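Okay, so here's the structure we're looking at.
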Amino acid sequence: MTQKERIIAQAMRMFVSQGIKSVRMDDIAQQLGVSKRTLYEFFGDKESLLYLSMEYFFECKRLERREACAGARNVLEAMFRVLGCIMEDSEVIHRLLGNLRKFYPGVHERLLREGSAKSRCDLGNMLRQGIADGLFVETINVDLAISVLYYTASAITDRKDLLLPEGMSEREAFVQIVSNFFRGISTPEGARLVDDYRRSLNTAGAGV
């Protein structure tokens, strides 16, 4: 790892644990044992370092979700594993995006735009694999399906403005909404798998 990469990784950990607004360039320099001049030579200003640090954070999360899919028996199981990761990360991501939107709107907009493109590409690949494997019907509009899944996840992890019935947790709502959506685009075999994975997610959630 180069010095620049080490700075980005450490700054990311500080932004996540201490808050985006409260971490100063002085704090990062002191934590790493480098001069503040070094930080400015590498990054120019805090906003540039913040962008690279948050880009690194979200790429790490993307890689974690990819690793969570390893060993999945089929693409539906992989998609449910990814959705489980999204729910686990939702509180941290909601806090980070809220602070970015409030204090660094330019960074927030850029990360959302770039993250959306990557997420939509990943979802599209999974949906097309599901069609090829006979788990999703061939008549679905893949682009529309991507939008439904992406914005459903965003409502939970970023905006959190989904109105829920009394007594229903965000996790329960998310699992139910996504499961019903998957059932609607599934073949009979896909629908059977959706029901199996929905039960396993609900059971895991009940134990938390």
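The values are calculated or read from the model by the stated rules, or taken from the named source; none is laboratory data. This is a predicted model, so every value here is computed, not measured. With ideal geometry, Cβ positions are generated from the backbone for all residues, glycine too; neighbour counts draw on all protein chains shown.
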Within region 102-123, considering residues that are buried (at least 16 other Cβ atoms within 10 Å of the Cβ) and at pLDDT 95 or above, the one nearest to A191 (Cα to Cα): L111
Those residues of region 124-161 which are of a type in the set (D, E, K, R) and at pLDDT 95 or above, in sequence order: R128, D133, E138, D143
Within region 3-42, tally of residues that are of a type in the set (G, A, S), outside any helix (DSSP H, G or I) and under 16 Å from M54 (Cβ atoms): 2
Odd one out for Y51, checked against (1) free of Cβ contacts under 8 Å to residues at least 60 places away in the same chain; (2) within 30 Å of N125 (Cα to Cα); (3) in a helix (DSSP H, G or I): (1)
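Between V16, V82, V34, V23, which is of a type in the set (V, I, T) and at pLDDT below 95?
Working: V16 fails: at pLDDT below 95; V34 fails: at pLDDT below 95; V23 fails: at pLDDT below 95.
After applying the criteria, what remains is V82.
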So I28, is it surrounded by 13 or more Cβ atoms within 10 Å (Cβ to Cβ), out of contact with any His (no Cβ under 8 Å at 6 or more places or on another chain) and under 23 Å from E109 (Cβ atoms): no
Answer from E77, E64 - the residue that is farther than 20 Å from R110 by Cα and free of Cβ contacts under 8 Å to residues at least 24 places away in the same chain: E64
Some residue of region 15-31 being basic (K, R) and more than 14 Å from the chain's Cα centre (by Cα): yes
R95, sole failed condition from (1) outside any helix (DSSP H, G or I); (2) charged (D, E, K, R); (3) under 21 Å from A155 (Cα atoms): (1)
